[in-house]
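Novice: After the C-alpha cells below, expect a handful of questions from me.
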Amino acid sequence: MLRPRIIPTLLMEQDYLVKTVKFKYDKYIGDPISTLRLFNEKEVDEIVFLDISASKRNVEPNYDLLKDLASECFMPMSYGGGVTSLQQIERILSIGIEKIVINNYAIQNKKFLKQAVENFGSTTIIGAVDIKRNFFNKIEVFSHTSNKNTGIKVADHLARILDDGVGEVFINDVDRDGTYAGYDINLIKKLSESMEVPMIICGGASGYEDLSRALAAGASAVAAGSIFIFNGPHRAVLITYPGKEDFKLFARKA
Amino acid sequence: MISIVNCNIGNVGSVANMIKKAGGESTICNSPDEIINAEKIILPGVGAFDIGMKKLAEGGWIEVLNTKATIEKVPILGICLGMQLMANSSEEGRLPGLRWVPAETVKFDFDKNSYKVPHMGWNNISIKKFTKLIDPSFADDLRYYFVHAYYMKMQEQRDELLSCDYGIDFTCGFEKENLMGVQFHPEKSHKYGLHLIKNFLEKY
C-alpha cells in the first residue's frame, strides 16, 4: 500500500534552522546537518528544506550547505529559497536534491515556472504558495519577502502555476504556521478539488490526528514543522516522526 | 568501483552518495570513453523516455553501452527511467529503447479520481524471485520511494524480480542475466535502498 506522505519541513536562515509562528518570531532550532541525521535515523519518508532568508536578502542558495545536506540525505529531499534561474536549479539537482520549490520568484517572473518545468520535468518542480487571510477574511497570496499580502487571488495564482505544469503544489497557511491550531480543513477540501496534481498542505498541525484529518480531507501530502521538532508547552527541541504503528492511523485517499 | 552514467537525465549525485554510504567507490562518467573499462555500471534517469534516448544517442553512449550490456555482459543496474530505457519501446515516446530486455514501457491507465498519476511516494513491494541483488535476508516489509507515470511490462515472467501494487500489480524490478532494473529510487530509500546498492556493489 502506498504510504501517506508525511513531510517534515525545516526552515533555514543562512546556515542554521529556525521555526516561525505565522512567519514571524524565528526561534533558533539548531544545526541543519545534525537535525537531518536525526530525521535519517527515524527513516523519514521525505523532507523539505526552505531557506526563508535567501529571497529577502537576495542571495544565492547556500550550495555548500546543500551539498553537505544531500550527502547525508537518504530520502527524497526538496529545496526552496532564492531560486531565480535555470542554472541554479541545474546546480542544485546535480548536488543530489530531487525537487525544487519555487515560490516568490514565480510571482515576480511569470515565465519562470513554465521554463523550469520544460527544462527539468514536472515532477522536479513544486510550486509553493503562501496563503494569508486579508481584512475581509478572504485568502490572498502572501509575499514573505515583502512581508505583506500581494492582493493576488489564490484561485487565480493557482490556476496559473498549474497551467505552467508544476508537478506538485505546496500550500503554506501563514495564519496557522506554528500555531498548533490544526489545518484549515475547508481550505484543503476546496483547494484539493481544484487540482489534479498532488497538493501538500502545511501550517497548523498540532499532532498526528491533524495529519490524518488533512489526508482524509483530500491533501495528497501533509507537511509540518513544529510537531516534528518541538516537544511540550515550552517548545523544547525534540526530533520526532510517526512510527510504524502511527502510520496505521492515517487514513489515505488514493 | 561502479561507473555512473551521467548523460544529464538523472540525479547522479544521490546515487554516488548512496554508493559511498554502502562503503563503495563510484565514478561519475560524463562521456562514453569513461565507461569503456567499466566493471559495473549504474544507469540512472528521470524524465521523459524520448529525451532519455535522445541524450544517450547525442552523447554517443549507445554503442559502448550495447557492447557492455550484450557482449561484455558487465552488470548494469538501471534506475527509474534508466530501467525503462532498457526495454524495446515506450508508450511515452516514439524512439526505440535500448532493446536489452523483452519488455515495453506503458502508462498507468486509471479512471479519473481513482489513483493519481504519477505514482509518487513510498510503497511496499513483493519479491518474485531471489537473486544476489534481492537475497533472502531482505525483510518482509520492504518499501521504496517511487516517482513515475510509466512502468515496464515484461514479456517473460521469469525476468520479473519485484512487483508493486498501485491500482494494478506492476513490475518494479527485473533481473535478466547481467542486467537489472528497478523502478523506484534505491538511492533515496534509506536502509532498504542501501541493502540493494550494497548487494550490487559487493556480489556482482
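The values are calculated or read from the model by the stated rules, or taken from the named source; none is laboratory data. On a predicted model such as this, the values are computed, not experimentally measured, just so you know. Methodologically, a virtual Cβ is constructed for each residue, glycine included, from the backbone with ideal geometry; neighbour enumeration extends over all protein chains shown.
Novice: Quick one: is residue B:138 in contact with a His (Cβ under 8 Å, 6 or more places away or on another chain), within 25 Å of residue A:93 (Cβ to Cβ) and more than 10 Å from chain A (Cβ to nearest Cβ)?
Specialist: So residue B:138 fails the test.
Novice: Follow-up. Is there any pair with a first residue in the range B:15-39 that is closer than 23 Å to residue B:71 by Cα and a second that is among the aromatic types (Phe, Trp, Tyr) and modelled with pLDDT of 95 or more whose Cβ atoms are under 7 Å apart and which are 6 or more apart or on different chains, and what are they?
Specialist: Every condition considered, the pairs that remain are B:32/B:61.
Novice: Still on this structure, I have one more. Looking only at the range B:9-40, which residues are closer than 24 Å to residue B:57 by Cβ and touching a Lys or Arg at 6+ places or on another chain (Cβ under 6 Å)?
Specialist: Within the range B:9-40, just B:9 meets the criteria.
Novice: Quick one: in the range B:176-204, which of the residues that are away from chain A (no Cβ under 14 Å) and under 9 Å from the mean Cα position of the chain (by Cα) is farthest from residue A:93 (Cα to Cα)?
Specialist: B:180
Novice: Is it the case that some residue within the range A:168-183 is within 14 Å of chain B (Cβ to nearest Cβ) and not acidic (Asp, Glu)?
Specialist: yes
Novice: Another question about this same structure. If you go through the range A:80-95, how many residues are within 18 Å of the chain's Cα centre (by Cα) and among the aliphatic types (A, V, I, L, M)?
Specialist: Here the count works out to 4.
Novice: Scan A:71, A:78, A:94 and give me the residue that is modelled with pLDDT of 95 or more, within 14 Å of another protein chain (Cβ to nearest Cβ) and out of contact with any Pro (no Cβ under 8 Å at 6 or more places or on another chain).
Specialist: A:78
Novice: Just give me the residues in the range A:32-68 being among the acidic types (Asp, Glu), within 14 Å of chain B (Cβ to nearest Cβ) and not in a helix (DSSP H, G or I), in sequence order.
Specialist: Listed by number, the residues that qualify are A:43, A:45, A:46.
Novice: Between B:12, B:5, which is in contact with a Leu (Cβ under 6 Å, 6 or more places away or on another chain), under 16 Å from residue B:185 (Cα atoms) and buried (at least 22 other Cβ atoms within 10 Å of the Cβ)?
Specialist: Result of the check over B:12, B:5: B:5.
Novice: Given the residues A:218, A:225, which is the only one that is at positive phi, in contact (Cβ under 8 Å) with a residue 24 or more places away in the chain and within 20 Å of the chain's Cα centre (by Cα)?
Specialist: A:218
Novice: Looking only at the range A:182-196, decide whether some residue is of a type in the set (Val, Ile, Thr) and in contact (Cβ under 8 Å) with a residue 40 or more places away in the chain.
Specialist: Checked the range A:182-196: no residue is of a type in the set (Val, Ile, Thr) and in contact (Cβ under 8 Å) with a residue 40 or more places away in the chain.
Novice: List the helices (runs of 4 or more DSSP H) that sit entirely inside the range A:71-127 and contain at least 1 residues that are among the acidic types (Asp, Glu).
Specialist: Helices (runs of 4 or more DSSP H) meeting the threshold: A:86-95, A:112-120.
Novice: Then there's this: State whether one or more residues within the range B:113-125 are under 18 Å from residue B:160 (Cα atoms), within 14 Å of another protein chain (Cβ to nearest Cβ), surrounded by 18 or more Cβ atoms within 10 Å (Cβ to Cβ) and among the aliphatic types (A, V, I, L, M).
Specialist: There is at least one residue in the range B:113-125 that is under 18 Å from residue B:160 (Cα atoms), within 14 Å of another protein chain (Cβ to nearest Cβ), surrounded by 18 or more Cβ atoms within 10 Å (Cβ to Cβ) and among the aliphatic types (A, V, I, L, M).
Novice: Moving to a separate point now. Given the conditions (1) surrounded by fewer than 18 Cβ atoms within 10 Å (Cβ to Cβ); (2) within 14 Å of another protein chain (Cβ to nearest Cβ), report the number of the one that residue A:116 does not fulfil.
Specialist: For residue A:116, the exception is condition (1).
Novice: Next question, about the same structure. One residue is enough: does the range B:45-58 have a residue meeting the conditions within 27 Å of residue A:74 (Cα to Cα), in contact with a Gly (Cβ under 7 Å, 6 or more places away or on another chain), facing chain A (nearest Cβ under 9 Å) and in contact (Cβ under 8 Å) with a residue 40 or more places away in the chain?
Specialist: Within the range B:45-58, one or more residues are within 27 Å of residue A:74 (Cα to Cα), in contact with a Gly (Cβ under 7 Å, 6 or more places away or on another chain), facing chain A (nearest Cβ under 9 Å) and in contact (Cβ under 8 Å) with a residue 40 or more places away in the chain.
Novice: I've got another one for you. Checking the condition polar (S, T, N, Q) and in a loop (DSSP other than H, G, I, E, B), which residue from B:113, B:124, B:66 passes?
Specialist: Just one listed residue meets the conditions, B:113.
Novice: Just checking, which of A:109, A:62, A:58, A:104 is surrounded by 18 or more Cβ atoms within 10 Å (Cβ to Cβ), at pLDDT below 95 and among the polar types (S, T, N, Q)?
Specialist: Exactly one of A:109, A:62, A:58, A:104 is surrounded by 18 or more Cβ atoms within 10 Å (Cβ to Cβ), at pLDDT below 95 and among the polar types (S, T, N, Q), namely A:104.
Novice: A follow-up question, please. Restricting the range B:153-198 to residues that are polar (S, T, N, Q) and farther than 24 Å from residue B:71 by Cα, which is surrounded by the most Cβ atoms within 10 Å (Cβ to Cβ)?
Specialist: Among them, the one singled out is B:183.
Novice: Here's something else I'd like to know. So, of the residues in the range A:152-186 that are farther than 16 Å from residue A:110 by Cα and among the small types (Gly, Ala, Ser), which turns out to be surrounded by the most Cβ atoms within 10 Å (Cβ to Cβ)?
Specialist: Among them, the one singled out is A:178.
Novice: Restricting to the range A:214-254, name every residue that is more than 27 Å from residue A:37 (Cβ to Cβ), modelled with pLDDT under 90 and touching a strand residue (DSSP E or B) at 6+ places or on another chain (Cβ under 9 Å).
Specialist: Matches in the range A:214-254: A:252, A:254.
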